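What follows is a set of notes on a single structure, which appears directly below.
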2 protein chains.
Amino acid sequence: MIAEKQYRDKQKKTLQYFKKAGIVITEKEKKNIEVADFGLGELAETGLELLVYVNTDRVCAKELVLFPRQTCPEHRHPPVGNKTGKEETFRCRWGKVYLYVPGKKTPDPKAKPPKGKENCYTVWHEIELNPGDQYTLHPGTLHWFQAGNKGAIVSEFSTKSVDEADVFTDPKIQRITKLKKEHHEKERH
Amino acid sequence: MIAEKQYRDKQKKTLQYFKKAGIVITEKEKKNIEVADFGLGELAETGLELLVYVNTDRVCAKELVLFPRQTCPEHRHPPVGNKTGKEETFRCRWGKVYLYVPGKKTPDPKAKPPKGKENCYTVWHEIELNPGDQYTLHPGTLHWFQAGNKGAIVSEFSTKSVDEADVFTDPKIQRITKLKKEHHEKERH
């Protein structure tokens, strides 16, 4: 659950990242920036800001923004119906991101899971992505990622995105963001 | 056919566009920028510069660069084997691009086909794309596009790209670029 005001504030913050990186988006897109807290209510630690450019039956493209040290929690994309799971390529555009996938555990990894959530992070092969670097994930691959100290912007090129089908290691996670509507009293002068 | 020196020069020019737009690419990618003259040998009029980020069996992402008033000639993406043709979304990142698709002819279109090639341009419904604007083409749709006076950078998000399967309206076009190797005499002092 995320309060509407916080949601709008974080949309604006995301826009600042796009501006810094020279990424132009339309007025309509500005309102469509998604702020995902994964239902944990700790957005600074576990969260992701994203703008979906296109998501057809065959192709999806998004920009992802992570604030400094913000973590997109461990998950995988399973088959949906009779379709193979989502294949995705992450391309770092700005900042730095640490991506973790199955494989040999990296000694002294640069990212730490959010406190108290350590048991929900099980893959530890580290891939450091700087601007211009990219990595392609095959369907079903467990992964998580965290921005460096300045935050990060990552372009995602993939097959169709079906967020509600994502399988997270942390059973408490709810991928679809719930907005807490606030009642504003009108001020009287 | 394009001379090797011209090819390298245009790669460098393409890189300047990426720099202006804040798009970071790796050293390896700099060498992989493709300069396509479509076999016509008139690159300033008919041509396209492109960098393929990823092209798997399911997903493709590229950056396209057009120099001022450069035209990507009319073509469509037919089915390949048992696969539906390529679906593609063009997103303008920098500059301006005029995209033409089937539909009601736009009066006073902003782009003109390269001289002497007018009969190879048959679709005239104009879509003007400025930074942040995008348009999705369904498989098999005839289309062509031309940059405005400053040139353009366009991100393309699509299904698998099989350039050699593209069908061009102009029968003289050869999509796969042929490089003319030059023999350099070593200067003796």
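Rank these residues by their accessible area, most exposed first, probe 1.4 Å: A:K112, A:K117.
From most accessible down to least: A:K112, A:K117.
Interface A/B, total buried accessible area with a 1.4 Å probe, nearest 100 Å²?
2200
Excluding ligands and nucleic acids, what accessible area in Å² is computed for B:D170 using a 1.4 Å probe, to the nearest 10?
Looks like 10 Å² after rounding.
Listed here are the pairs B:K28/B:K181; A:K83/B:K30; A:K20/B:K86; which of them are more than 28 Å apart at the Cα?
Violating the 28 Å limit, Cα to Cα: A:K83/B:K30; A:K20/B:K86.
With the crude spin-label approximation of a point 7 Å out along Cα→Cβ, what separation in nm comes out for A:D57 versus B:D9?
In this crude label model, A:D57 to B:D9 measures out at 4.8 nm.
Got a number for the accessible area of B:V167? Probe 1.4 Å, square angstrom, nearest 10.
Using a 1.4 Å probe on the heavy atoms, I get roughly 60 Å².
Determine the sum of side-chain charges near B:T71: Lys and Arg each +1, Asp and Glu each -1, restricted to other residues whose C-beta is under 13 angstrom from that of B:T71.
-2
Set Lys and Arg Cβ to +1 and Asp and Glu Cβ to -1, take the dipole of the protein assembly as shown about its Cα centre, and tell me which of B:F168, A:T169, A:A3 lies farthest positive.
Final value for the positive-end residue is A:A3.
Just to confirm my numbers, what's the Cα centroid distance between segment A:163-182 and segment B:77-112 in Å?
If we compute the Cα centre of each part, the gap is 37 Å.
Of the candidates B:N119, B:N130, B:N32, which one comes out as most mobile in a Gaussian network treatment of chain B with C-alpha springs shorter than 10 Å?
Result for chain B, Cα springs under 10 Å: B:N119 fluctuates most.
If the only charges are +1 at each Lys and Arg Cβ and -1 at each Asp and Glu Cβ, what is the size of the charge dipole of segment A:39-187 around the Cα centre, to the nearest 20 debye?
That gives segment A:39-187 a dipole magnitude of about 140 debye.
Could you check how much of the accessible area of chain B is carbon and sulfur, as a whole percent, using a 1.4 Å probe?
52
Find out how many positive minus negative residues lie around B:I153, taking Lys and Arg as positive, Asp and Glu as negative, among other residues whose Cβ is under 13 Å from that of B:I153.
Value of the local net charge: +4.
Taking the label point as lying 7 angstrom from Cα along the Cα-to-Cβ axis, what are the distances from A:H125 to the corresponding position in the remaining copies, in ascending order and in nanometres?
4.7
Evaluate 2.2 N^0.38 Å with N set to the residue count of chain B, then give the Cα radius of gyration divided by it.
Compared with the compact-globule rule of thumb, chain B sits at 1.03.
Based on alpha-carbon atoms only, what is the radius of gyration of the protein assembly as shown relative to the globular estimate 2.2 N^0.38 Å?
1.09
Name the chain A residue with the Cβ nearest the axis that maps A onto B: which is it, and what is the distance in angstrom?
A:G22, 2
Name the residues whose placed amide hydrogens come within less than 5 Å of the amide hydrogen of A:G22, ignoring near sequence neighbours (fewer than 5 apart) on the same chain.
none
Straight distance only, please: which aspartates and glutamates reach the Cα of A:K96 with their own Cα at less than 15 Å, same-chain residues fewer than 8 apart left out?
Excluding near neighbours in sequence, the set is A:E63, A:E126, A:E128, A:D133, A:E156.
Take every DSSP beta bridge with both residues inside chain B and express the antiparallel ones as a percent of the total, to the nearest 5.
DSSP beta bridges in chain B are roughly 95 percent antiparallel.
Could you order A:K30, A:K5 so the one with the most accessible surface comes first? Probe is 1.4 Å.
If we order A:K30, A:K5 from most to least accessible, we get A:K5, A:K30.
Using protein chains only and a probe of 1.4 angstrom, how many square angstrom of A:K13 are accessible, to the nearest 10?
80
More than 20 Å apart: what percent of Cα pairs in segment A:102-189 qualify?
Of all Cα-Cα pairs in segment A:102-189, 54 percent lie more than 20 Å apart.
Ordering A:R93, A:R69 from largest to smallest accessible area (1.4 angstrom probe), what's the sequence?
Solvent-accessible surface, decreasing: A:R69, A:R93.
Sum up the charges of everything whose Cβ sits under 14 Å from the Cβ of A:D108, counting Lys and Arg as +1 and Asp and Glu as -1, but leave A:D108 out.
+2
Return the Rg/Rh ratio of segment B:39-118 with Cα-based radii and a Kirkwood Rh.
Ratio of gyration radius to Kirkwood radius: 0.97.
When each pair of different Cα atoms in segment A:59-103 is counted once in the 1/r mean, what is the Kirkwood radius in angstroms, to one decimal?
13.0 Å is the Kirkwood radius here.
Given an 8 Å cut-off on Cα distances and at least 6 residues of separation, report the relative contact order of chain B as a percent.
That works out to 31 percent.
Counting only Cα atoms, I'd like the Rg/Rh figure for segment B:1-65, Kirkwood definition for Rh.
On the Cα set of segment B:1-65, Rg over Rh gives 0.98.
The values are calculated or read from the model by the stated rules, or taken from the named source; none is laboratory data. Because the structure is a prediction, the values reported are computed rather than measured. Every residue, glycine among them, receives a Cβ derived from its backbone with ideal geometry; neighbour counts consider all protein chains shown. Accessible surface is based on the protein model in full, side chains and every heavy atom, while ligands, DNA and RNA are left aside. Shrake-Rupley method; radii C 1.70, N 1.55, O 1.52, S 1.80 Å.
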